[in-house]
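Participant: Input: one structure, supplied below.
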Amino acid sequence: MKVGLGIPEKYYGSVKGMLNVLLPKLEIERASEVINPKLIINSKLTTKQGIKVKSIILDKPKFSDQILDQEILNNCYNQYDFKKRCKIRVKLSIYRLLCDYLDQPLSPWGILIGVRPTKLVHSLFDRDFSKEKVDLILEEVYGIRTEKRNLLLRIIAKERSYLPSKEEAQKKVSLYLGIPFCPTRCAYCSFASYPFESYQQYVPDFLDALEYEIKKLGAAINELGLAIDTLYLGGGTPTVLSTGQLKRIINKLNKEFNLSDLREFSVEAGRPDTITKDKLSLLKASGVNRISINPQTMNQATLDKIERKHTIKQVLESFSLARELNFQNINMDLIIGLPGEEVADVKNSLEEIKRLNPDSLTIHTLALKRAAKMDNQVQLPSNVKVEKMLALTKQTAKDLNLESYYMYRQKYMLANLENIGYARSGLESIYNILMIEERQTVIGLGGGAITKMVNPKDWSLERLINPKFPKQYIEEVKERTDQKIIKLTSLVR
């Protein structure tokens, strides 16, 4: 359905971007350019004595939406806040109007489509806004439902105890190592993940390049007097490497970095078909205090459909082995909304998870991306079913005495929902919190790794991205490493 927007040009791109995510079946164009539209929406903004927005559908006068915002006149806001609020008010008005016309409920997250809604809330608390005022803004300005506002506020309360001060953030960094290989590539995956059998010829040179990057960045970080706060070995699937190869990487990390202040050492042992006793014993002896064993579903038919290529039996055996070796913080990932799965299938997965009793549980709502093999033609559960599935995961977390501690979102997630991490108190992943909230510099090493240079003065950041493809990473590692060292030195000094 074609919709023409008659709104100030400076808001057009932002409004269209929002509607493309929240109402993807609509074709959005400028009112002055659209041909044969089904609807034309005019939105008028005035800024006398506050912000007033009135949006109407031409030729359908019974459909209109009006907003009057005088709260923005409070002394706690500046001119930048006022301009930003104008755009937000136009977005909410048009979105509400279209939902009214289409007779469909607002998204549970209102007009928010960004990855990190928690960053918005942290910024409000940083300005000493009260919890009540923050909740009011989330509801009235962004249109967020009660259950999502409550979720945000619970998570923020948990996260703020882990976030560094500006002074601490100036003195610490975290490390992420990306191993861009997996046994096979899952159909939903959009990460740096190359099937090991097809790409194993790159592994020797990849490890040499990674060692080079570790050595050079280790020297720079030591010279700058920075402490290593958390270390995360991800990918891909790091445990696709042999025990000897993993030992080589870990030994190099210990040689080049001072890890004496490390609060967390986490490893994605995500694919249970890569886990062995020798590998887990090595990780345990190396000080790894958090691992992930990720089934994504406990239904074998679904595992086969998404080309995950491991069995439920392997999940159970790997988890049992990790417990035997005394790992006290085991995370498990599940994805809801996988093709062909019904609410009963998710319930079955959760019952199996409850029997294993992990220490943390990360729930992902399926988001289809262009880099994934799975496309929009597959049969996926309805939004109503996905919301029921997410509700089941929330109850399971409660049954396991796990509390929500971080969350993020992705564009084109089913039902416009979220990913949530649950953990037992004291076992929250510090790296996950720091990475999502972007309150500490994270140095990315390896294939596809993202470096986030965070300036604590204003929490602004710059991203540097390593090539995903192993051959390109190998060829460009020296250039990319030099670039990171220059940027990090400039940031710290």
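The values are calculated or read from the model by the stated rules, or taken from the named source; none is laboratory data. Since the model is a prediction, treat every value here as computed from it, not as a measurement. Neighbour counts are summed over all protein chains in view; Cβ atoms, including those assigned to glycine, are modelled from backbone coordinates with ideal geometry.
Participant: So residue 93 passes all but one of these: (1) under 27 Å from the mean Cα position of the chain (by Cα); (2) in contact (Cβ under 8 Å) with a residue 24 or more places away in the chain. Which condition number does it fail?
Facilitator: Only one criterion is unmet by residue 93, namely (1).
Participant: Which numbered condition trips up residue 189, out of (1) under 23 Å from residue 419 (Cα atoms); (2) out of contact with any Pro (no Cβ under 7 Å at 6 or more places or on another chain); (3) assigned by TED's automatic domain parsing to the domain that holds residue 288; (4) crowded, with 22+ Cβ neighbours inside 10 Å?
Facilitator: Result: residue 189 fails condition (4) only.
Participant: Continuing with this model, one more query. Return a yes/no flag: does region 33-46 have any residue that is part of a strand (DSSP E or B) and either closer than 26 Å to residue 413 by Cα or touching a Phe, Trp or Tyr at 6+ places or on another chain (Cβ under 6 Å) (or both). Please lay out each step first, then the result.
Facilitator: So the first thing to find is which residues in region 33-46 are part of a strand (DSSP E or B), and the list is 39-46.
Still in the running and either closer than 26 Å to residue 413 by Cα or touching a Phe, Trp or Tyr at 6+ places or on another chain (Cβ under 6 Å) (or both): none.
So far as region 33-46 goes, no, none of its residues is part of a strand (DSSP E or B) and either closer than 26 Å to residue 413 by Cα or touching a Phe, Trp or Tyr at 6+ places or on another chain (Cβ under 6 Å) (or both).
Participant: Something else: Looking at region 179-199, can you tell me whether even one residue there is within 18 Å of residue 270 (Cβ to Cβ), among the charged types (D, E, K, R) and outside any loop (DSSP other than H, G, I, E, B)?
Facilitator: Yes: region 179-199 contains one or more residues that are within 18 Å of residue 270 (Cβ to Cβ), among the charged types (D, E, K, R) and outside any loop (DSSP other than H, G, I, E, B).
Participant: If you check 249, 221, 228, 275, which single one turns out to be assigned by TED's automatic domain parsing to the domain that holds residue 468 and closer than 15 Å to residue 291 by Cβ? If you could, list the steps in order and put the result at the bottom.
Facilitator: Numbers: 249 fails: closer than 15 Å to residue 291 by Cβ; 221 fails: closer than 15 Å to residue 291 by Cβ; 228 fails: closer than 15 Å to residue 291 by Cβ.
So the residue among 249, 221, 228, 275 that is assigned by TED's automatic domain parsing to the domain that holds residue 468 and closer than 15 Å to residue 291 by Cβ is 275.
Participant: Is it true that residue 279 is in a helix (DSSP H, G or I) and either surrounded by fewer than 16 Cβ atoms within 10 Å (Cβ to Cβ) or in contact with a Cys (Cβ under 8 Å, 6 or more places away or on another chain) (or both)? Let's see the steps before the verdict.
Facilitator: On the way: in a helix (DSSP H, G or I): yes; either surrounded by fewer than 16 Cβ atoms within 10 Å (Cβ to Cβ) or in contact with a Cys (Cβ under 8 Å, 6 or more places away or on another chain) (or both): no.
No.
Participant: Please tell me if residue 207 is assigned by TED's automatic domain parsing to the domain that holds residue 394, aliphatic (A, V, I, L, M) and on the phi < 0 side of the Ramachandran plot.
Facilitator: Values: assigned by TED's automatic domain parsing to the domain that holds residue 394: yes; aliphatic (A, V, I, L, M): yes; on the phi < 0 side of the Ramachandran plot: yes.
So residue 207 fits the description; yes.
Participant: Right, something else. Of the residues 151, 98, 120, only one is part of a helix (DSSP H, G or I) and within 18 Å of residue 54 (Cα to Cα); which? Write out each step before concluding.
Facilitator: Details: 151 fails: within 18 Å of residue 54 (Cα to Cα); 120 fails: within 18 Å of residue 54 (Cα to Cα).
From the options 151, 98, 120, the qualifying one is 98.
Results for (1) free of Cβ contacts under 8 Å to residues at least 24 places away in the same chain; (2) buried (at least 17 other Cβ atoms within 10 Å of the Cβ), shown as yes or no for each residue.
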| site | (1), (2) |
| --- | --- |
| 237 | no, yes |
| 244 | yes, no |
| 263 | no, no |
| 270 | no, yes |
| 283 | no, yes |
| 298 | no, yes |
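For (1) within 21 Å of residue 174 (Cβ to Cβ); (2) basic (Lys, Arg); (3) touching a helix residue (DSSP H, G or I) at 6+ places or on another chain (Cβ under 7 Å), each residue gets a yes or a no:
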residue	(1), (2), (3)
445	yes, no, yes
450	yes, no, no
455	yes, no, yes
463	yes, yes, no
471	no, yes, yes
474	no, no, yes
477	yes, no, yes
484	yes, yes, yes
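Participant: Here's another thing I want to ask about it. For residue 350, indicate whether it is over 20 Å from residue 238 (Cα atoms), part of a loop (DSSP other than H, G, I, E, B), in the same structural domain as residue 429 (by TED's automatic domain parsing) and not acidic (Asp, Glu).
Facilitator: no
Participant: Return yes when residue 11 is part of a helix (DSSP H, G or I), touching a helix residue (DSSP H, G or I) at 6+ places or on another chain (Cβ under 7 Å) and not aliphatic (A, V, I, L, M) and no when it is not. Explain how you work it out, then say what you get.
Facilitator: Details: part of a helix (DSSP H, G or I): yes; touching a helix residue (DSSP H, G or I) at 6+ places or on another chain (Cβ under 7 Å): yes; not aliphatic (A, V, I, L, M): yes.
Taking the combined requirement at face value, the residue satisfies it.
Participant: Just give me the residues in region 319-347 being more than 30 Å from residue 277 (Cβ to Cβ), in a helix (DSSP H, G or I), touching a residue at least 24 places away in the same chain (Cβ under 8 Å) and of a type outside the set (Asp, Glu), in sequence order.
Facilitator: 343, 346, 347
Residue by residue, here is whether (1) modelled with pLDDT under 95; (2) outside any loop (DSSP other than H, G, I, E, B); (3) crowded, with 20+ Cβ neighbours inside 10 Å; (4) not polar (S, T, N, Q) holds:
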| residue | (1), (2), (3), (4) |
| --- | --- |
| 396 | no, yes, yes, no |
| 405 | no, yes, yes, yes |
| 411 | yes, no, no, yes |
| 445 | no, yes, yes, yes |
| 451 | no, yes, yes, no |
| 475 | no, yes, no, yes |
| 483 | no, yes, no, no |
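Residue-by-condition table, conditions (1) more than 30 Å from residue 81 (Cα to Cα); (2) among the charged types (D, E, K, R); (3) at pLDDT 95 or above; (4) loosely packed, with under 14 Cβ neighbours inside 10 Å:
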residue	(1), (2), (3), (4)
25	yes, yes, no, yes
41	no, no, yes, no
59	yes, yes, no, yes
62	yes, yes, no, yes
65	no, yes, yes, no
